[in-house]
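Comments concern the structure below.
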Amino acid sequence: MSHALTLYRLQQTDTRLDQVQTRLREIGNSLENNPALRAAREQVQTSDSARTQAEKTLREAELNAQSKRIKLETAESNLYGGRIHNPKELQDLQSNVAALKRQLAPLEDGQLEAMLAVETAQEKNAQSQAALRQVEATVINQNSLLKGEKSTLEHERDRLIAERSANTATLPADTLQLYETLRQKKRGLAVARVTENTCGACGNELTPTQAQAARQAGQFVHCASCGRIIFSN
């Protein structure tokens with residue numbers, strides 16, 4: 001078998017191996033850091049924070065309103081309890097009761113608004129929780145499929161690595177070094193097949209002499225345009 005043919009087969013193996021390795025990395029990223037799951041979890045955290053803040057605001061509104069009610073009840077008890085008979089004191093108490101009622105009204109309105117805000121926040125939180133559960137179920141199913149694909153690709157990767165070792169074992173060190181150097185320079189493609197007298201990588205048209213030489217066993221022909229080794233059988 002010519003070294004040119006061995007290099008071409010090695011190139012085919014390496015090209016597929018690159019594809020397998022790339023896909024395995026993609027699967028690894030998907031299994032470890034699913035974008036949809038991350039977004040759903042972030043939405044739950046956001047809705048949790050909003051619900052917590054709404055509940056805190058409601059508690060503060062309830063405390064403020066309750067404090068004002070206690071003051072109002074105390075003032076009304078003094079006003080209507082019959083213990084105070086001084087007209088001036090009674091008039092002051094009446095004014096105080098009226099003022100407390102005016103102060104209580106917006107506090108009760110605020111309390112009602114806070115209650116509605118809590119209900120809305122709780123509803124949104126429940127929706128985000130449900131959405132997260134749905135995404136988690138989908139991801140679990142996808143992960144099952146991805147894990148199956150990952151296992152298949154890992155077996156293929158091992159087979160390709162064995163094929164690569166078998167091919168490289170038959171090549172001289174300088175030939176293998178030439179191939180590896182071209183692979184680094186040419187984005188992974190060191191050997192291109194001749195297709196209709198053109199370089200299969202860059203499309204450069206070969207001269208009849210180059211095309212004939214590419215079919216000869218025992219010598220390497222480089223594309224005059226891209227510099228890759230060209231192979232023809």
Q: Determine whether segment 211-220 contains at least one residue that is of a type in the set (D, E, K, R) and in the same structural domain as L24 (by TED's automatic domain parsing).
A: yes
**Q.** Filter result for the condition that a residue is under 28 Å from Q19 (Cβ atoms) and of a type in the set (D, E), over E149, E123, E136
**A.** E149
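Residue-by-condition table, conditions (1) outside the structural domain of R159 (by TED's automatic domain parsing); (2) charged (D, E, K, R); (3) on the phi > 0 side of the Ramachandran plot; (4) touching a residue at least 40 places away in the same chain (Cβ under 8 Å):
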position	(1), (2), (3), (4)
T15	yes, no, no, yes
T22	yes, no, no, no
R25	yes, yes, no, no
V44	no, no, no, yes
Q. Hey, among R102, R187, which residue is more than 18 Å from T13 (Cβ to Cβ) and either surrounded by fewer than 13 Cβ atoms within 10 Å (Cβ to Cβ) or at pLDDT below 95 (or both)?
A. R102
Q. Looking only at segment 141-181, which residues are in a helix (DSSP H, G or I), under 30 Å from L5 (Cα atoms) and touching a residue at least 60 places away in the same chain (Cβ under 8 Å)?
A. L153, E154, E156, R157, L160, I161, E163, R164, N167, T168, T175, Y179
(Q) Between Q66, Q21, which is part of a helix (DSSP H, G or I) and either of a type in the set (V, I, T) or under 32 Å from the mean Cα position of the chain (by Cα) (or both)? (A) Q21
Q. What pairs can you find where one residue is in segment 183-211 and assigned to a strand (DSSP E or B), the other is acidic (D, E), and their Cβ atoms are less than 6 Å apart, with a gap of 6+ or different chains?
A. T198/E205
Q) Does segment 167-183 contain any residue that is within 30 Å of S67 (Cα to Cα), modelled with pLDDT of 90 or more and loosely packed, with under 11 Cβ neighbours inside 10 Å? A) no
(Q) Condition check: among the hydroxyl-bearing types (S, T, Y) and farther than 23 Å from P35 by Cα. Does T138 satisfy that? (A) no
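Please pick out the residue among A75, A137, A130 that is loosely packed, with under 13 Cβ neighbours inside 10 Å, at pLDDT below 90, part of a helix (DSSP H, G or I) and among the hydrophobic types (A, V, I, L, M, F, W, C).
A137
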**Q.** Given (1) in a helix (DSSP H, G or I); (2) surrounded by fewer than 12 Cβ atoms within 10 Å (Cβ to Cβ), number of the condition G82 does not satisfy
**A.** (1)
Q. How many of the residues in segment 222-233 are buried (at least 17 other Cβ atoms within 10 Å of the Cβ), closer than 22 Å to L171 by Cα and touching a residue at least 40 places away in the same chain (Cβ under 8 Å)?
A. 3
Q) Quick one: E119 ticks every box in (1) under 34 Å from the mean Cα position of the chain (by Cα); (2) surrounded by 16 or more Cβ atoms within 10 Å (Cβ to Cβ) bar one, so which box is it? A) (2)
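The values are calculated or read from the model by the stated rules, or taken from the named source; none is laboratory data. A quick note: this is a predicted structure, and the numbers were derived from the prediction, not measured. Here Cβ is always computed from backbone atoms with ideal geometry, including for glycine, and neighbour counts include all displayed protein chains.
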